[in-house]
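As structure tokens, the structure follows; a few thoughts come after it.
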Amino acid sequence: MFIQTESTPNPATLKFLPGQTVLDAGTADFPSADAAGKSPLATRLFAVEGVTGVFFGTDFVTITKADGVDWDVIKPALLGAIMEHFQSGQPVMEGENLSSGHAEHSGEDAEIVSQIKELLDTRVRPAVAQDGGDIVFHGFERGVVYLHMQGACAGCPSSTLTLKMGIENLLRHYIPEVVEVRPVAA
């Protein structure tokens, strides 16, 4: 098994490509070791000292490290943990019930929210997945779209620029009711 790695715009995050499917659909975000309970792979990765976040896409694993930890020190252990997991035959997730990741929204803005989610799914999420992250809808209130950034996008130095110049401009162009986009914490 050969696992490729790619840098991301976030220097604290590295993207690992195991050359096989990680998740059949959707994404899974583990911002802490406590959140990793339903994933044998995430649990194994958090066992490596210095890991502060794990994120799964369809064909990649994004790992975030603590400040002061050197990639050259922990990367071999992470590669070994990913390889061991896939060779063990264990599932990546136990009791998979993955959704689109988007928060539910109903009410008078339901049609606008549907358009926002459609643009996120078709234009935004494929692009940020290339960088090892995901951006999901969190809410819409009085013209403001709230988005949750995951994986490499969480804490990335360029995420504010991506949010404001990229996503906000895109949504405002297609949906006149959108006036601003703001990030939210988990």
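Let's see how each residue does on (1) modelled with pLDDT of 90 or more; (2) acidic (Asp, Glu); (3) surrounded by fewer than 16 Cβ atoms within 10 Å (Cβ to Cβ):
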{"residue": "50", "(1), (2), (3)": "yes, no, no"}
{"residue": "65", "(1), (2), (3)": "yes, no, no"}
{"residue": "76", "(1), (2), (3)": "yes, no, yes"}
{"residue": "114", "(1), (2), (3)": "no, no, yes"}
{"residue": "117", "(1), (2), (3)": "no, no, no"}
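Of the strands (runs of 3 or more DSSP E) lying entirely inside segment 1-76, those containing at least 1 residues that are among the small types (Gly, Ala, Ser) and out of contact with any His (no Cβ under 8 Å at 6 or more places or on another chain) span 4-7, 28-30, 51-56. Any residue that is within 16 Å of the chain's Cα centre (by Cα), crowded, with 17+ Cβ neighbours inside 10 Å and closer than 30 Å to residue 144 by Cα - is there at least one of those in segment 83-97? Looking through segment 83-97, none of the residues is within 16 Å of the chain's Cα centre (by Cα), crowded, with 17+ Cβ neighbours inside 10 Å and closer than 30 Å to residue 144 by Cα.
Per the listing 94, 108, 118, the residue uniquely over 19 Å from residue 4 (Cα atoms), free of Cβ contacts under 8 Å to residues at least 12 places away in the same chain and outside any helix (DSSP H, G or I) is 108.
How about segment 140-153: which of its residues are more than 8 Å from the chain's Cα centre (by Cα) and either assigned to a loop (DSSP other than H, G, I, E, B) or at positive phi (or both)? Give the derivation first.
Step one: list which residues in segment 140-153 are more than 8 Å from the chain's Cα centre (by Cα), which gives 140-148.
Passing the criteria: 142, 143.
The values are calculated or read from the model by the stated rules, or taken from the named source; none is laboratory data. Please read these numbers as outputs of a predicted model, since none were measured by experiment. Please note: Cβ atoms are built from the backbone with ideal geometry, for glycine as well, and neighbour counts cover all protein chains shown.
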